[in-house]
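These notes are about the structure you will find just below.
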Amino acid sequence: MSFWHPLATVRQHPRLAIVAILFVVVAVDASTPAYLIFNELYLVALLPAIALRSRRWIWGIVAAAMILTMLVAMGGSPLRAEAPASITLANQAIVLLVVILAGVAADRHVWALQRRESAERRVAALASELRQTLDLAPTGLARVTRDLRYMSANQAYARLVGRDAAAIAGCSVEEVLGAEALSVVRPYIDRVLRGEAVNFETPLMTPGTGAAWIAVAYRPWRENDGMTSGYLISLTDITARKQVEQTARERSAELETLIETVPATVWIARSSDAAVIHGNRFAHDVLRMPPGQNLSKSAPAGERPMHFRVMDVEGEEFEPDNLPVQVSARTGRSLRNVRVDVLFDDGARIALIGNSEPLRDANGSPAGSVSAFVDISALVEAQRELALENQHKDEFIAMLAHELRNPLAPVRYAAALLKPGAPAGIVEQVRITIDRQTMHLARLLDDLLDVSRISRNVVTLRCDIIDLRRSVQRAADLAAPEIQSHQHHFSLSLPPEAIWVYADAERIVQMVGNMLSNAIKYTEPGGVLSLVMQLDGDGVVLRVHDTGIGFDSEAGTRLFALFSQLHRGSMMSQGGLGIGLSVVRQLARLHGGEVEASSPGPGKGATFTLRLPRTAAPLQADRGQGAEVRDLFRRDQRVLIIEDNVDAADSLAMLLRTEGLTVIVAYNGNDGLSRAEAFLPGVILLDIGLPDMSGHEVARALRQRSWAKDACLVALSGWATEEDRRRSQEAGINLHMAKPVDPQQLLQLIAESPATAASPERIRQ
């Protein structure tokens, strides 16, 4: 038992030890001569014991000194009076000294013990606080011995490995982490046991975290002798950081992919001096530079691109420091909607527009810039072409007014000549003039309509197998008056045999007519024109040659452009809208052909060549049509005209009456239905835009009459689109013709009409 151990007893119970000493002193004092023994020792020793109990030994010394003083003053000890006075006084002094020394020694011992106990309590408190602190730390901490057994671990470490902290101590690393995890970290353990400081990151599969990323720090644990007895472990779960890093890498890859695929130039300067500028693939392609090459105009000599210049919209070259990407990098300014042009040494030009934004460091100072520019070369070119087109349109409108006024003037003059009693020669000349000028107006209107239809892709060809010679001959016949008026020498050369093509006969006439009209317009009076048709392999070639003004190679590239004219200004008197040749090209391509122009040069004439594919002959060729038409022409044909324009109706009626036809006129739809019921016409010429009812409604009403089921209904209208023709057909109209109608064509149509005059009696049967 520790109580009987002397030193332990004194150390643990100092006051009890003093009391024991006091009893010993009393026992010895009782059996010793008075003058030899410190007979007052027992009284003095009692007081330090009391003082020690109260931990106030200084007061015990004071009290002992007072008692000794009293004893000396009384002449000795009350218990041993027989002792000599000198001995008693010495005895008292020695006793006092001993008591003082004993008290001091005892109190120092007790004080040392108390300090030790206090220190131990503080150490224990600090240890507890340290344990609590370690348990609260987010980092897992543990100590492992050299034989790979845990000495301690905090709560964070226990959570990471999926164990209880108290149960980890004494366990092996393999027991805690598992064999697979141990195999991962074993190379690092070997290194730390050799005395190295080890840091690494690893994906670790543990019972606590499952698949996780752990930042591991191993530090050797050394004893006083410097030997490594184990190691300390620090574990930090960096899974969230790794996820953020992975997300950042993915976003970075996405951004890089976006930058590389976006159809815009991206320039990046990562320093304020912009001495090095990186770019995406599109930027290198635009600047005609290989990937990875420095794009900066401020690059050191030998790296600076020299094969292009950067210009502003005024045509002034940018200095390198004034380029948008460099201004933003140097000044920190944002630049928006900046237009630059890149001019290459070979003359090529690229227009760019974009923005530049500065990059800043942690202090907010400029640290570079990012610029993104898009190629607007096509837009700039389109704007230039649009401006040119608008200019051409303005000129076209002015020319259109000129072209419309020109034929109206002779018509008006001719009308003034038609006075009562005018000579027959003048009347005939007026007739020719009016016919020629109205045909010119009709051709102008047809060209304008064709331009609109072609631009909207609504041109519909009414193709059939035709003899191309007939359409070419007709075009030449229509152009003959104009050729004669210009005093041109004209020759026509056609093959003797039929040339079969699958085409729209009217469009062929239009194309050849426009080519002839162009040659007439640009050939001086007295010049020579020729139209030649030749076979060319599987196709046929039409060549219109003139000895006119010709053109150069540059002009030849724009001859077939819309609203284009040669020698604009100087040739204003020649007229023309600049659309005829454009219509020819578009119609030729719709027929599977092509048209081209050539000239030896200005003043040397020109040749326009139209190529069309041939086709096989029809099973039954239509021969002798002219004779058949003449045979079918019947002078007793009845014609009803329904037209709200009085002048147009009356003049057309007079024209038909001169040919021996029986004609009546109605000026609205209802009147037309009434007159038709009484007149029983074989041919009805019907305007579509009537005031009371439409021409289509009139046609449907007529087709309800039994007598009119076989009548020939012809629409005469200013509306002549394919939709208009379709609506007329649905209403029961046989043919839709655009105003103004060629009188000869109309007479031929009436002659070919199968409807004949019949008596009311026969119809009603």
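Any read-out appearing in this document is the output of simple, stated calculations on the displayed coordinates, not a laboratory observation. Since the model is a prediction, treat every value here as computed from it, not as a measurement. Here Cβ is always computed from backbone atoms with ideal geometry, including for glycine, and neighbour counts include all displayed protein chains.
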Taking 30 Å as R0, compute the FRET efficiency from the Cβ-Cβ separation of S598 and A442 and round it to 0.05.
0.50
With label points set 7 Å from each Cα along the Cα-to-Cβ direction at A169 and C463, the distance between them in nm comes to 10.2
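In the neighborhood of H696, defined by Cβ-to-Cβ distances under 9 Å, what is the net charge if each Lys or Arg adds +1 and each Asp or Glu adds -1?
On the way: positive: R700, R727; negative: E697, E730.
After counting each charged neighbour, the total is 0.
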Relative contact order for the stretch 139-243 using alpha-carbon pairs under 8 Å, separation at least 6, rounded to a whole percent?
29
Can you pull a Stokes-Einstein diffusion coefficient for the stretch 264-375 at 25 °C (0.890 mPa s), Rh from Kirkwood over Cα pairs, as a whole number of µm²/s?
177
